[in-house]
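The values are calculated or read from the model by the stated rules, or taken from the named source; none is laboratory data. Source: prediction; values computed, not measured. Neighbour counts are summed over all protein chains in view; Cβ atoms, including those assigned to glycine, are modelled from backbone coordinates with ideal geometry. Accessible surface areas use protein heavy atoms only, side chains included; no ligands, DNA or RNA. Shrake-Rupley method; radii C 1.70, N 1.55, O 1.52, S 1.80 Å.
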Amino acid sequence: QLQASWGGLVQAGDSLRLSCVASGRTFSRHTIGWFRQAPGKEREFVATIRYSGHTYYADSVKGRFTISRDNAKNTVYLRMNNLTPEDTAVYYCAADPSIILSSVRVPHAYEYWGQGTLVTVSS
């Protein structure tokens, strides 16, 4: 299971750090991704981190968001800086043990999903 948390209501320019905690199994060898879904829009890729530590970002968040992992805690973080109203969405974390690199931005390529955490950025 994956549990995403620490979303909230913030103002534009603020920062948040989301957590994705895995339980029931070890995810240290999994690729972990963050996705988001705004009202009326499709779920979109935000960032992912491979078990090797390599990271990939959507262009819209590059330079503002940082994904990291602490395998000892079975936790992946998404640090979000300089938030804008366009970042408002429900954020989901997902995991997969064998996703290929070309698919890391594709939601349905991930096997495990957590429930989302809502991030609301006011202007």
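List of remarks:
- For the stretch 86-106, a residue qualifies if it is under 19 Å from S5 (Cα atoms) and either surrounded by fewer than 17 Cβ atoms within 10 Å (Cβ to Cβ) or of a type in the set (S, T, Y) (or both), and the qualifying residues are T88, Y91, Y92.
- Filtered residue count, the stretch 38-55, keeping only those that are more than 11 Å from the chain's Cα centre (by Cα) and assigned to a strand (DSSP E or B): 1
- Looking across the stretch 56-97, just one residue is without any contact (Cβ under 8 Å) to a residue 40 or more places away in the chain, of a type in the set (S, T, Y) and not in a strand (DSSP E or B), and that is S60.
- Across the stretch 5-26, the qualifying residues are those that are touching a Leu at 6+ places or on another chain (Cβ under 9 Å) and charged (D, E, K, R), and the one among them that is nearest to D96 (Cα to Cα) is R17.
- Lone unmet requirement of (1) modelled with pLDDT under 95; (2) open to solvent by less than 20 Å² (accessible area, probe 1.4 Å); (3) among the polar types (S, T, N, Q) for T48: (1)
- Flag: W6 matches the condition of being open to solvent by 60 Å² or more (accessible area, probe 1.4 Å) and of a type in the set (F, W, Y).
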